[in-house]
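Student: Mind looking over this structure? Questions follow.
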Amino acid sequence: MKIMYITNIPSPYRVEFFNELNKYCDLTVLFERKKACNREDKWYSNSFNFKAIFLNSKNIGNEAGLSFEIIKYLKEDFNHIILGGYSTPTAMIASIYMRLHKIPYILNADGGFINENEKKLNYLIKKYFISSASYWLSSGKETNKYLKYYGAKKEKIFNFPFTSVKEKDILREFISDEEKKKLRIKYSIPYKKVIISIGQFISRKGFDWMIETYKDLDKDIGIYIIGGKPTEYYIELKNQYQMDNLYFIDFQSKENILNWYRLADLFVFPTREDIWGLVINEAMSQGVPIITTDKCLAGLELIQDEENGYIVQCENKRELLEKTKQYFNLGQSDKKNIQCAVLKAIEKYSIENMAKEHINILGGIYE
C-alpha cells in the first residue's frame, strides 16, 4: 500500500510515528518546511526510515509554509493521500487542487474546538476545507463533534489513539513510593508532595492563573513548572505571592522528563486551549493523576473525572484549588486506585498502536 502524508514540520513524535507506519506500507511524507521558528534545533530528529521530501516553500508564521510544488506530488499514484491538517497555505492549495480534480483524500484532525460565535465567513472557510475530504481521521469523540460541525460525514470518520509515547515508555505498574523518593533525592527535591506542569511560558498554557491559585496552597507542596526560561512576568508573580515552593525548570531531555513525571504526585495542566495536549499522554503513561481544564481535548478524551484525574473549568481558581486539595487529602488506597486507573486508560495510546490502527483504517477504505 502506497501512502502519501502531507504535514508541516518533522516534529519528533510525528517522525517516530512515520517510522512505525512505514513498517506496514510504502510511506512518503511531504514536509512543508524543515523546522519551526520557535523550536531549538536539538528538538528535531533526523532519523527517517521513510521517504521524506522537503518542499521548496516560503515560511509562513512559526510552523507553516507556502508551496505550489505540492501539486506535482498530488499527480503521482498513491493508494491514499493523507492531509495532516487544513489550515496552512500549502494544505489549502493541496485541498483545493484535490477537490477540483476529484482526487479523494483523507483529512487528519488531532483535535479542534467548535466556535459557535465565530464570524460566518470563518465558519464557511473551515467548512469548505474540512468537508472537501473523502474521509477523516479523528483523535476521538470531541474531535468527531468538531469535524461533523464543519461538514464531515459521521460514517466516514475513523478514530485513532493520538499519542507521542512509545510502547516501551508506558509503565505497566505505577512507581513505588521508594522509587519516587530516590528520584526526588536525585533531583534535589525536598518536598514530600510534588506537583509538576510542563509547557512553554506563554499565556495560552495558563501558568499565570495556576500560580495565582496555588498561592493559597500549603507551602509544603513543591510546585515545578518545566518549560524553558520564564519571562519576567512569571518571576514577578512568584515574588509577588512569596512562593518559595514554586520552581521554574529549564527544558529537559526525554529521560529527565520521564523521571520528573515519575517523581510527581500530580500533573496539573491549566491550559486555556490545547487542540490536544500530548503532555497529558506523557504524564498518564507514567501513572501520574491529572488535573486539567475543559479546554484540553486530551483531558476530555482520556480523563474520567474523579476516577483517573480531574477536569476543572478553565480559570476557575476555586475549583482548581479544591480539586488539588481533594487529591492530596485522599488515603493511600484511593490514590493507588486512581494511579491504576490512569495506566489502564493510557495503555493503548502508544505510537506502535497508533500506526497499527492507521493501517487497519486505511486497509478498510477503498475508492
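Read-outs: derived from the displayed coordinates by stated rules, not from any lab. All values reported here derive from a predicted model rather than from experimental measurement. Virtual Cβ from ideal backbone geometry, glycine too; neighbours counted across all protein chains shown.
Student: So how do 67-78, 252-263 stack up, highest first, on mean other-Cβ count within 10 Å?
Tutor: Final packing ranking: 252-263, 67-78.
Student: Using only Cα atoms, what is the ratio of the radius of gyration of the stretch 250-361 to 2.2 N^0.38 Å?
Tutor: Ratio of Rg to 2.2 N^0.38 Å for the stretch 250-361: 1.08.
Student: Give me the one-decimal nm value for the distance between modelled label points at Lys153 and Ser176, 7 Å along each residue's Cα-to-Cβ direction.
Tutor: 5.6
Student: Please work out how much length the chain gains when fully extended from Tyr187 to Lys348, using 0.36 nm per residue of separation minus the C-alpha to C-alpha distance, in nm with one decimal.
Tutor: Full extension of this stretch gives 54.9 nm more.
Student: Follow-up. Efficiency by 1/(1 + (r/R0)^6): what FRET value for Lys23 and Gln200, r their Cβ-Cβ distance, R0 = 35 Å, to the nearest 0.05?
Tutor: FRET efficiency, Lys23 to Gln200: 0.60.
Student: A further question on this structure: Report, to one decimal in Å, the Kirkwood hydrodynamic radius for the chain based on all distinct Cα pairs.
Tutor: Over the chain, the inverse of the mean reciprocal pair distance is 21.8 Å.
Student: Could you tell me what fraction of 2.2 N^0.38 Å the Cα radius of gyration of the stretch 144-279 comes to, as a two-decimal ratio?
Tutor: Rounded to two decimals, the normalised Rg is 1.26.
Student: For the chain, what is the mean residue ellipticity at 222 nm derived from helices alone (per DSSP H run of n ≥ 4: -39500 (n - 2.57); sum divided by total residues; nearest 500 deg cm²/dmol)?
Tutor: Taking each H run of at least 4 residues, the total per residue is -11000 deg cm²/dmol.
Student: Report, in degrees rounded to the nearest 10, the 0 to 90 angle that the Cα long axis of helix 332-346 makes with the longest principal axis of the chain.
Tutor: Value to nearest ten degrees: 10.
Student: Mind giving me the FRET efficiency for Phe113 and Ile60? R0 is 22 Å, r the Cβ-Cβ distance, nearest 0.05 is fine.
Tutor: 0.50
Student: Can you give the charge dipole size of the chain about its Cα centre, rounded to the nearest 20 debye, using +1 on the beta carbon of Lys and Arg and -1 on the beta carbon of Asp and Glu?
Tutor: Here the size comes out at about 760 debye.
Student: Report the relative contact order of the chain, percent, no decimals, based on alpha-carbon pairs under 8 angstrom and at least 6 residues apart.
Tutor: 15
Student: Here is a follow-up. For the stretch 167-346, give the magnitude of the charge dipole about the Cα centre (Cβ charges: +1 Lys/Arg, -1 Asp/Glu; no others), in debye to the nearest 20.
Tutor: The calculated dipole for the stretch 167-346 is roughly 480 debye.
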